[in-house]
Amino acid sequence: MACGAGPLRLSRKTVSFEPAPAPLAHLAIHDRVVGLLNVLPRGNVLDVPAGEGALAARLMQSGFTVHCCDLYPEIFRVKGVEIKRGNLLERLPYADGEFQYVTCIEGLEHLESPARAIREFKRLVQRGGHLIVSVPNIHNIEERFKWLVHGYTSHFKPLSKTYLEQVRQDHGAREEIALHVHAISYSELRYHLESNGFQIFEILRDKPKRHLWLYWPAIALIELVKRLTPRKKREERWTDQLNSAELLMGGNTLIVHAIKR
């Protein structure tokens, strides 16, 4: 599907913040998301979870009408942007089909049930609308080796009692901000998206993985096995996607752009 660019219409609202909102996600992720949306017609965007509002401020400056929602709206710092309290595991305070775009950056991995949030996105996104989500990339070659050696990946370490006590000491009652409780894979994410009427349009990585040359022998072996796998099985098991450059050689974050059919 080709995405036609609409005219840039800057919002008349004033975006002001003091001090500047800190991005809770890596800046490269925000750059990718803004780049994806900037080529699309301007419209209503829901950013959830919004955090301090760093992404919302950039989208508003690009001319989008931005609405924000977060479990902790008190940490939001951008004036002139609507912020509501909402839990991604429950119904959010918006009407059916209210938004052309929904962004959920660094949110699904913090939920016990990402499927519940995706069902809610189905309700909120109008037909033909766009959903952009990001999740930790547990499929890149470095994370696959870490799983082999340690039994867990970088972003999903065991939630031991000692670790939980440290998180609660650092974040108090807002421990959800720090806890990664669901290691959502590409296969699981795609299944839930397609089950709720979304079709993946494109997959992006936040940035290339450093020191990738160290893993070239393993990457070459994976590519050989892929090529030797019968086409029917590759299609059935999503082999090409699971071993694509975006997943296998991507950075720490996977960005998925889906469209509601």
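Of all residues in the range 218-240, which are over 28 Å from the mean Cα position of the chain (by Cα) and within 14 Å of R144 (Cα to Cα)? Once the filter is applied, which keeps residues that are over 28 Å from the mean Cα position of the chain (by Cα) and within 14 Å of R144 (Cα to Cα), the range 218-240 yields only L221. I want to confirm something. Restricting to the range 207-261 and keeping residues that are closer than 30 Å to R127 by Cα and polar (S, T, N, Q), which single residue is surrounded by the most Cβ atoms within 10 Å (Cβ to Cβ)? Among residues in the range 207-261 that are closer than 30 Å to R127 by Cα and polar (S, T, N, Q), the one surrounded by the most Cβ atoms within 10 Å (Cβ to Cβ) is T253.
Selection of the range 26-53 for residues being aliphatic (A, V, I, L, M), more than 22 Å from H110 (Cβ to Cβ) and either in contact with a Pro (Cβ under 6 Å, 6 or more places away or on another chain) or assigned to a loop (DSSP other than H, G, I, E, B) (or both) yields V39, L40.
Condition check ((1) over 14 Å from the mean Cα position of the chain (by Cα); (2) exposed (fewer than 15 other Cβ atoms within 10 Å of the Cβ); (3) small (G, A, S); (4) closer than 25 Å to S244 by Cβ) across all residues:
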{"site": "L89", "(1), (2), (3), (4)": "yes, yes, no, no"}
{"site": "Y94", "(1), (2), (3), (4)": "yes, no, no, no"}
{"site": "G97", "(1), (2), (3), (4)": "yes, yes, yes, no"}
{"site": "L124", "(1), (2), (3), (4)": "yes, no, no, no"}
{"site": "P136", "(1), (2), (3), (4)": "no, no, no, yes"}
{"site": "I141", "(1), (2), (3), (4)": "yes, no, no, yes"}
{"site": "R144", "(1), (2), (3), (4)": "yes, no, no, yes"}
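The lone criterion from (1) over 23 Å from V256 (Cβ atoms); (2) free of Cβ contacts under 8 Å to residues at least 12 places away in the same chain; (3) in contact with a Lys or Arg (Cβ under 8 Å, 6 or more places away or on another chain) left unmet by Y152 is number (1). Residue count for the range 196-212 satisfying the condition of being touching a strand residue (DSSP E or B) at 6+ places or on another chain (Cβ under 9 Å) and part of a loop (DSSP other than H, G, I, E, B): 4.
Can you tell me which of V256, V225 is among the hydrophobic types (A, V, I, L, M, F, W, C), at pLDDT 95 or above and farther than 23 Å from G129 by Cβ?
When all the criteria are applied, what remains is V225.
Among the residues of the range 113-122, is any closer than 19 Å to F64 by Cα and among the β-branched types (V, I, T)? Give the derivation first.
As a first pass, look at the range 113-122 and keep what is closer than 19 Å to F64 by Cα: 121.
Pick out the ones that are also among the β-branched types (V, I, T) and you get none.
Checked the range 113-122: no residue is closer than 19 Å to F64 by Cα and among the β-branched types (V, I, T).
Cβ separations smaller than 6 Å between residues 6+ apart or across chains give the following pairs from the range 63-84 residues that are in contact (Cβ under 8 Å) with a residue 12 or more places away in the chain and within 18 Å of F99 (Cβ to Cβ) to residues that are of a type in the set (S, T, N, Q) and not in a loop (DSSP other than H, G, I, E, B): T65/N44.
Conditions tested, residue by residue: (1) touching a residue at least 24 places away in the same chain (Cβ under 8 Å); (2) assigned to a helix (DSSP H, G or I); (3) in contact with an Asp or Glu (Cβ under 8 Å, 6 or more places away or on another chain); (4) not basic (K, R).
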{"residue": "A173", "(1), (2), (3), (4)": "no, no, no, yes"}
{"residue": "H182", "(1), (2), (3), (4)": "yes, no, yes, yes"}
{"residue": "E194", "(1), (2), (3), (4)": "no, yes, no, yes"}
{"residue": "L214", "(1), (2), (3), (4)": "no, yes, no, yes"}
{"residue": "L224", "(1), (2), (3), (4)": "no, yes, no, yes"}
{"residue": "R234", "(1), (2), (3), (4)": "no, yes, yes, no"}
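Being farther than 26 Å from P93 by Cα and at pLDDT below 85 narrows it down to one residue among R9, R32; which is it? Explain how you work it out, then say what you get.
Numbers: R32 fails: at pLDDT below 85.
None of the other options fit; the residue is R9.
Residues in the range 121-164 that are in contact with a strand residue (DSSP E or B) (Cβ under 9 Å, 6 or more places away or on another chain) and small (G, A, S): G128, G129, S134, S154.
The values are calculated or read from the model by the stated rules, or taken from the named source; none is laboratory data. Predicted, not measured: the structure shown is a model, and the values here were computed from it. Because the Cβ atoms are built from the backbone with ideal geometry, glycine has one as well, and the counts that use them run over all protein chains shown.
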